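Novice: There's a structure below that I have some questions on.
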Amino acid sequence: MKAFVFPGQGAQFSGMGKELYEKSPLARELFEKANELLGFRITDIMFEGSDEDLRQTKVTQPAIFLHSIIVAKTLCEQFQPDMVAGHSLGEFSALVAAKALSFENGLQLVYQRALAMQTAGENHPGTMAAILNLPDETIEKICAGIAEIVVPANYNCPGQVVISGSIKGVDIACEQLLAAGAKRALKLNVGGAFHSPLMESAGEKLKKAIDSVSFQTPECPVYQNVSTQGEMNPEKIKANLIAQLTAPVKWTQSVQNMIAAGADDFTELGPGNVLQGLIKKIDSAVQTQGVS
């Protein structure tokens, strides 16, 4: 069975989408529609911007969403997955690709989410760190024992968990996790403590935006980060999207459930190849490829 997966923040690069824009009339039309909807030329930043320009959350998220969705739409008849999933931000791409959300509504929600997350990051400074080669349970126990805010945020694959929280909390956790045997504790260059309690204010803003938008039943199951299950109910999908901002991205568990449901061929749509690598680490027997 075919599964299509969509990347999240961190997959961006300068020049992303430029070749699509130049070669596909449909891609050009959608990019220009996005420029109009957003009120600024995001294509200029995507095609010519610096890494620093692209790292701004309010730019990164709509840019990755656009790249992923335009790739999916240019596939046309080839886009016939049995199930879809997205990593964090990528969940919005998956929902638009599965026709639970319109392109226009998906873009507006992603932009509102990005603005809310950037503001939350500025008002409640925090950071994230990747922890390598330590059991999930050890990471959970150590984080729970720290008085500062620090929580597991991304279960990316066996042996790779990202933690998130206050700068002090993440620093303390990194020190303790290394002492407990972690191979590495790598601080990430991000704009906030994503998927942690420090994003609560962003969650409130996102809820208002999501409640104002119409969701349809998707054409295939969407495996969501919060529940790890293939969801079809629009109301449940909306609730999971809101919860996702402060809850961990359970990517390992989601992919395992997709495989248990029959997925054996995963295609990553959008910039980069991060998800292909994670999926291979979750189960080396499945087939992976990317379309960008």
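The values are calculated or read from the model by the stated rules, or taken from the named source; none is laboratory data. Only a predicted model underlies this, so the values are computations on that prediction, with no experimental measurement involved. Ideal geometry is used to build each Cβ from the backbone, glycine not excepted, and the neighbour counts take in all protein chains shown.
Novice: Give the residue that is nearest to Ile242 (Cα to Cα), with candidates limited to residues of segment 196-213 that are within 16 Å of the chain's Cα centre (by Cα) and modelled with pLDDT of 95 or more.
Specialist: Met199
Novice: Are there any pairs, at least 6 apart or on different chains, whose C-beta atoms fall under 7 Å, with the first in segment 17-43 and more than 13 Å from Leu66 (Cα to Cα) and the second in a helix (DSSP H, G or I) and at pLDDT 90 or above, and if so, which?
Specialist: Going by the 7 Å Cβ cut-off, there are no qualifying pairs.
Novice: Return yes when Phe40 is outside any helix (DSSP H, G or I) and either not basic (Lys, Arg) or not assigned by TED's automatic domain parsing to the domain that holds Pro248 (or both) and no when it is not.
Specialist: So Phe40 passes the test.
Novice: Suppose we filter Ala100, Ala94, Ala85, Ala63 for residues that are within 19 Å of Glu235 (Cα to Cα), touching a Gly at 6+ places or on another chain (Cβ under 8 Å) and surrounded by 19 or more Cβ atoms within 10 Å (Cβ to Cβ); which single one remains?
Specialist: Answer to the check: Ala94.
Novice: Which count do you get for residues in segment 119-163 that are in contact with a Leu (Cβ under 8 Å, 6 or more places away or on another chain) and among the hydroxyl-bearing types (Ser, Thr, Tyr)?
Specialist: Result for segment 119-163: 2.
Novice: Among the residues in segment 179-195, are any under 19 Å from the mean Cα position of the chain (by Cα) and farther than 20 Å from Ile167 by Cβ?
Specialist: no
Novice: Now for a separate question. Please go through (1) out of contact with any Leu (no Cβ under 7 Å at 6 or more places or on another chain); (2) surrounded by fewer than 21 Cβ atoms within 10 Å (Cβ to Cβ) for Lys73 and return the number of the only condition it doesn't satisfy.
Specialist: Looking at each condition in turn, Lys73 falls short on (1).
Novice: Within segment 182-191, is even one residue more than 23 Å from Ile64 (Cβ to Cβ), in a loop (DSSP other than H, G, I, E, B) and either assigned by TED's automatic domain parsing to the domain that holds Asn105 or of a type in the set (A, V, I, L, M, F, W, C) (or both)? Outline the logic, then answer.
Specialist: If we filter segment 182-191 for residues that are more than 23 Å from Ile64 (Cβ to Cβ), which is where we start, we get 182-185.
Imposing the further condition that a residue be in a loop (DSSP other than H, G, I, E, B) reduces the set to 182-183.
Those still in the list that are either assigned by TED's automatic domain parsing to the domain that holds Asn105 or of a type in the set (A, V, I, L, M, F, W, C) (or both) too: 182.
The answer is yes, given that some residue of segment 182-191 is more than 23 Å from Ile64 (Cβ to Cβ), in a loop (DSSP other than H, G, I, E, B) and either assigned by TED's automatic domain parsing to the domain that holds Asn105 or of a type in the set (A, V, I, L, M, F, W, C) (or both).
Novice: Another question, if that's okay. When only residues in segment 243-288 that are small (Gly, Ala, Ser) and under 30 Å from Lys18 (Cα atoms) count, which is modelled with the lowest pLDDT?
Specialist: Gly272
Novice: So which residues in segment 43-62 are part of a helix (DSSP H, G or I) and touching a Ser or Thr at 6+ places or on another chain (Cβ under 7 Å), if there are any at all?
Specialist: Asp51, Leu54 - these are the residues of segment 43-62 that are part of a helix (DSSP H, G or I) and touching a Ser or Thr at 6+ places or on another chain (Cβ under 7 Å).
Novice: Filter segment 209-248 down to the residues that are in contact with a Leu (Cβ under 8 Å, 6 or more places away or on another chain) and either within 20 Å of Pro81 (Cβ to Cβ) or among the aromatic types (Phe, Trp, Tyr) (or both) and list them by number.
Specialist: Phe215, Gln216, Pro218, Val222, Gln224, Ile237, Leu241, listed by residue number.
Novice: Now for a different question. What are the residues in segment 216-244 that are free of Cβ contacts under 8 Å to residues at least 24 places away in the same chain and closer than 14 Å to Lys99 by Cα, if any?
Specialist: Glu231, Met232, Asn233
Novice: Here is a further query. Among the β-branched types (Val, Ile, Thr) and surrounded by 20 or more Cβ atoms within 10 Å (Cβ to Cβ), is that true of Thr217? Break it down stepwise before answering.
Specialist: On the way: among the β-branched types (Val, Ile, Thr): yes; surrounded by 20 or more Cβ atoms within 10 Å (Cβ to Cβ): no.
Criteria not met by Thr217.
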